[in-house]
Structure formats: structure tokens, C-alpha cells
Amino acid sequence: MKYPLVEYPFSKSDLSSGRRILSKGKFITMNKITKQFEKKFAKYLGVKYALMVNSGSSANLLAFFALINPKAKKRINFKDECIIPSICWSTSLWPIVQAGLKPVFVDVDLKTFNINLNDLKKKITKKTKAILTVHVLGNSTNMNELKKIIKQKKLILIEDTCESLGSKFGSKFLGSFGRFGTFSFYVSHQISAGEGGMIVCNDYNDYKIIHSLRSHGWDRGLNNSKKNSFNFINSGFNLRPMDITAAIGLNQFKRLNKMIQIRSSNRKKIVNSIKSSQNWNDQIEFLISSEKVKPSWFGLPILINKKYLNKKKKYLSYLNKNGIETRPIISGNFLNQPASKLYRLNAKKETFKNADEIEKRGFFIGLQTKKIDTNLVKFLTKKLLMIDKI
Ligand SMILES: Cc1ncc(COP(=O)(O)O)c(C=O)c1O
């Protein structure tokens, strides 16, 4: 592939950090390095607590199972409603359903790809208890407006930040506004540990709950317990990461700011080159970050001009054949997915116009974490502008 979604993500020092853990033999499972990574992550994000898990999906699962937990301070109950944007990832959604809550879908904004706040206000009922916002591909909605709604209606905010580690709204990092923020370290995300994720919060009671739920429901590792305690204080899963992945993730985390900068500069090079090309004819549009957002880009999201909609399939296949890997905008309108039909998530047959439009017109390509050269920029410019010619 000439321009894959992700290039090989690990540096020599990432690999030797992982190898060092392996060669110690004893503690390849969750241990001291996981704790170190958690501390650094919390400090960076400006939150009190961070807990590492084996994936971003697990982080979302913990957030919702913490909210319904008997030990939760502001607990939510079976069949309470949780609002979610119709453009989301599958495991942004399923933890809501798995926790026995009712997902209520809201359309997204065509400009930001994020939850549409006007539509959201209309969907709030007496049963609404929480909002899960998904910060799509490095961008976000207006967090000041969202915070106002949360406060006025006394709702709980969870931020699925799996695609937006390092993005800021104003002076605060995305993921640090809500009761829980979740992150993914899967390959192609802002940092990669192979697999892995993080969940953050500011309340010690919430932290204690997710800490026990992560690991069988026991209290081992919490301040009040003995190191090898078999004291089970809550229900539980096993969502633990390994120290090997923590070591790789922690080592990459040191390069996060640099990688954000390079991705942003690569994005500028590609967009500027396309827009100043003699072949430029408004064939495509680019996602622009929302006001006040300082994005940590995940990829380069693109909408094709409506004129060429009937050519999208041919165009994507052309790009792929020419070595440019493409992906849909997350999963498109999730309500169009077979799994949504299986669980009858849209029994009222509502339409989500913007999510449908993004699904029809949108796709994204990768943004490399190493500086790209002029030849590659020229190649991408030429190929991406071919939609009116094929
Ligand atoms: C918005 C969003 N949430 C959750 C996830 C799940 O993360 P993971 O793959 O680490 O389970 C992803 C994965 O890409 C995602 O894009």
C-alpha cells in the first residue's frame, strides 16, 4: 500500500520497552508500568484518576456499568434513557444496551460530524439521565453549550474520546469534561499500544467502582486493601491490560504531542495542495474543526460533492487500487447497520438526515505520524481529485 491508513506504529524504543517487560518474565500482566502510565495520563489530561483497560470498548463498558452500580452516588436505573449520536462506533452504543438502558439517537451536524445540539435538546425527556457524546475523528461539538444543557437538565455526561486523544476544546482536553472520558490505544489511533484503553474520572467513589469492576470485583490495589486480598466488594469483569501493552503505550505517549503536530502539518500539506491544484473543482470537502477546538486529528475525513454521489463506489475502489486505503466515517449512521435492526433500535423508523448524508458522501484516509514528502502529497492530490474523471 502506497498510502495505508496507518504505517507501522511502533518505534524501536516502543518495542524495547515492551521487550523489557517480557524478559523480566514475572510481571507481563498488569503491574507497576500500568500504574505509571495511568498517573502520567491523568496528569496530562488534568483529571484526578485514570484507569487503564484492555480496550476503548472496555472503557465504555466500565463507564456504563459504573453508572448503574449499587455503589454509584448518582445512580441511573434500568430503562433510563441515554442520548447518543447516530454516528457512533458499535461499542459506543452497546454498553448502553448491555447496562439495561435505552439508547435514544440524535442526528449529527453536517459541518462537525458530532452530535447536533438542537436535535439533542428536543430528545430530552423525563427519563433522560445521561448523554454519551462521541468526539468524532479528533473533532467535537461545542462543549460550552453541551455543558449548559447537562447542568440545566441535571444529566450525566460521558465522553467517548476514543478517536480524539489530545484534542482540546478551549483550554481543556476532550475527555475531561464529563463524569467519565474513554480512550482507545488500538492501532491507527493517536497513540497505539496494539490494544488498550483508558477511562478517566474525577470522583474517588467512581474510581473505586471502575477499579473493582475492571478486575473481578475485588478490592485489591485500592488504598484500603491488602496487596493479595481476595475480598470481593462488587460485581466484576476482567478488563485488565497487560504491563507489556502499558509499556508500549507509555513510551508512545511521550511522543503524542510531536505526532499531533506532524499529523496536523501533513493534513495542511494535503489540503492546501488539493485546493491549489489546477484540477481543483470542488470535487471534495474536508472536515474543518469546530470553533474553539484544537484538534488532534485521527485521519483526514472527506465528503464528496453531491454531484458525484453515483461515482463514490467506483472512486473508492480506484483509490484503493492505487494504494490509498479508505474507511467509512466511523460506522456511518449506526441505525443503518444490521445489528441495529436485530435489536430494533429504531422501532419508530426515525430518519437522521445528516448522518445519512455523511454515510453516503463521506470516507476518510489516514494521516501519517511521520512527515510526508512532496512526491507523496502530489500523488495524493492527483488521485483524490480524479472523481470527475473516472
Ligand atoms: C468512537 C469509538 N469508540 C470506541 C472504540 C473502541 O475502541 P477499541 O477498538 O479500543 O475497543 C472505537 C474504535 O475505534 C471508536 O472509534
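Structural remarks
- The numbered conditions (1) among the hydrophobic types (A, V, I, L, M, F, W, C); (2) crowded, with 24+ Cβ neighbours inside 10 Å; (3) under 18 Å from residue 46 (Cα atoms); (4) within 14 Å of the chain's Cα centre (by Cα) are all true for residue 169 except (4).
- Residues that are among the small types (Gly, Ala, Ser) and either part of a helix (DSSP H, G or I) or within 29 Å of residue 16 (Cα to Cα) (or both), drawn from region 252-280: 264, 265, 273
- Summed over region 198-213, residues that are open to solvent by less than 30 Å² (accessible area, probe 1.4 Å) and not in a helix (DSSP H, G or I) total 4.
- In the set 140, 92, only one residue is in a loop (DSSP other than H, G, I, E, B) and either under 17 Å from residue 175 (Cα atoms) or assigned by TED's automatic domain parsing to the domain that holds residue 340 (or both); that residue is 140.
- Restricting 320, 281, 333 to residues that are under 28 Å from residue 165 (Cβ atoms) and open to solvent by 20 Å² or more (accessible area, probe 1.4 Å) narrows the list to 320.
- Checking residue 104 against (1) part of a strand (DSSP E or B); (2) crowded, with 24+ Cβ neighbours inside 10 Å, the condition it does not meet: (2)
- Test: residue in region 348-368 that is surrounded by 16 or more Cβ atoms within 10 Å (Cβ to Cβ) and either farther than 24 Å from residue 113 by Cα or among the hydroxyl-bearing types (Ser, Thr, Tyr) (or both): no
- Residue in region 107-117 that is closer than 29 Å to residue 255 by Cα, open to solvent by 50 Å² or more (accessible area, probe 1.4 Å) and away from the ligand (no atom under 12 Å from the Cβ) present: no
The values are calculated or read from the model by the stated rules, or taken from the named source; none is laboratory data. All of these numbers come straight from a predicted model, not from anything done at the bench. Note: ideal-geometry Cβ built from the backbone for every residue, glycine included; neighbour counts use all protein chains shown. What goes into the accessible areas is simple: the full protein's heavy atoms, side chains included, and nothing from ligands, DNA or RNA. Shrake-Rupley method; radii C 1.70, N 1.55, O 1.52, S 1.80 Å.
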